[in-house]
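**Student:** First the structure, which I've put down as structure tokens, then a few questions once you've had a look.
The values are calculated or read from the model by the stated rules, or taken from the named source; none is laboratory data. What you see is a predicted model; the values in this text were computed from it and never measured. Here the Cβ is made from the backbone with ideal geometry for all residues, glycine too, and neighbour counts use every protein chain on show.
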Amino acid sequence: MLKIKPFFVLAAILFFVTLLIPSLLVLPFMEEKAGGKLGSELQSETTVAAAPTADSAVEVAVYRTALSKTEKLPLDEYLIGVVAAEMPAEFELEALKAQALSARTYYVRQMLLPNKVGVPEGAQLNDTEIHQVFKNKQELKKQWGVDYQWKIKKITEAVKATDGQVLTFDGEPIDATFFSTSNGFTENSEEYWSNSVPYLRSVESPWDRNSPKFRRQIVMPVAEVEAKLGVKLPASDTIGKVLSRTTGDRVAKMEIGGKILTGKEIRDQLDLYSSDFSWELKGDNVVITTEGFGHGVGMSQYGANGMATEGKNYQDIVKHYYKGVEILEADRMLTKATAKK
């Protein structure tokens, strides 16, 4: 029988180990690379946060009127809360973008104003219609329930798509007023308020006829109408006489029982949807029919959605409702606004 010397056995073992060890060291890494494990782990460890947007770099202090406290949050989060509160998430994305642009412009203009109206010390604006209606994400979760995820995602997309943009006229942020539904036309600013604004001109808005808020009819007792308007209604079917109408075909002035009132005064005192109204006497009641919902100046929200449905983008929408405006980056204005805080 052949005998193998111990020296040769030892040499063979050392040679085998020398070949095996590198393979054992490399194999786990090859398996991890093939399975994507090592790459994903390294990626997760080295992921860098996205660069801040123009909106996220600005802090907003909004006074929560119901809670009597000031809430501070980034501008993009504030705008999401405003768009969600002011426009239905079911609207077209381009309409939501137009609303986001309008809301950001309003905020920047508000920050540049010397006096803050309707807010306590330390707040920039409040969460009501005096400024812009705002709801935070906790409130929206409660309101939307199971629809929260898709609605917040859509509105967030609209805000991000217009990041840092504002509407300007002669290089300054505009007073981007908006309302729900027109009567088919928007209104010249001076025909509803006292000041004439070059970009707030009357334009056609035929899409509003599809709004569920386009026409409304209410019945009000004669005694209530007389008390609220401070007039005595004549004992005839003709309640009053329209003396003039606005460019947007709303009541400008009306004579009732010897007293002359503006359409705005009648709308405010009777809490009507619109200053485009007609009425008739029915026994002891007045039947009032209105067309449109809101003051009528600036951008119609249902009109914006109608334009978006027809394929118009948010730039088309805002330039239709705000005449002669430009969309500019707000870096300089945001810096100036922040410096004023």
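**Student:** When D237 is evaluated against the numbered criteria (1) in contact with a strand residue (DSSP E or B) (Cβ under 6 Å, 6 or more places away or on another chain); (2) on the phi > 0 side of the Ramachandran plot; (3) surrounded by fewer than 17 Cβ atoms within 10 Å (Cβ to Cβ), which criterion, by number, is the only one it fails?
**Tutor:** The failed condition is (2).
**Student:** Moving on. For the range 190-212, does any single residue satisfy the condition of being closer than 30 Å to D237 by Cα, free of Cβ contacts under 8 Å to residues at least 60 places away in the same chain and buried (at least 16 other Cβ atoms within 10 Å of the Cβ)? Talk me through it step by step, then tell me what you get.
**Tutor:** Within the range 190-212, the first condition is being closer than 30 Å to D237 by Cα, and the residues that meet it are 191-192, 209, 212.
Remaining after also requiring free of Cβ contacts under 8 Å to residues at least 60 places away in the same chain: 209, 212.
Subsequent filtering for residues that are buried (at least 16 other Cβ atoms within 10 Å of the Cβ) retains 209.
Yes, the range 190-212 contains at least one residue that is closer than 30 Å to D237 by Cα, free of Cβ contacts under 8 Å to residues at least 60 places away in the same chain and buried (at least 16 other Cβ atoms within 10 Å of the Cβ).
**Student:** Would you check which residues across the range 105-129 are without any contact (Cβ under 8 Å) to a residue 40 or more places away in the chain and within 15 Å of the chain's Cα centre (by Cα) and list them?
**Tutor:** E129
**Student:** Sticking with this one: In the range 163-173, how many residues are in contact with a helix residue (DSSP H, G or I) (Cβ under 6 Å, 6 or more places away or on another chain) and closer than 16 Å to H320 by Cα?
**Tutor:** 2
**Student:** Got at least one residue in the range 144-156 being in contact (Cβ under 8 Å) with a residue 12 or more places away in the chain, at negative phi, crowded, with 21+ Cβ neighbours inside 10 Å and of a type outside the set (D, E, K, R)?
**Tutor:** Yes, some residue in the range 144-156 is in contact (Cβ under 8 Å) with a residue 12 or more places away in the chain, at negative phi, crowded, with 21+ Cβ neighbours inside 10 Å and of a type outside the set (D, E, K, R).
**Student:** List the residue pairs whose Cβ atoms are under 6 Å apart, where the first residue sits in the range 252-277 and is farther than 17 Å from W193 by Cα, the second is in a strand (DSSP E or B) and at pLDDT below 95, and the two are 6 or more positions apart or on different chains.
**Tutor:** Note: pairs meeting the criteria are E255/K241.
**Student:** What helices (runs of 4 or more DSSP H) completely inside the range 231-341 contain at least 3 residues that are within 30 Å of V159 (Cβ to Cβ) and either at pLDDT 95 or above or not charged (D, E, K, R) (or both)?
**Tutor:** 301-309, 314-321, 331-340
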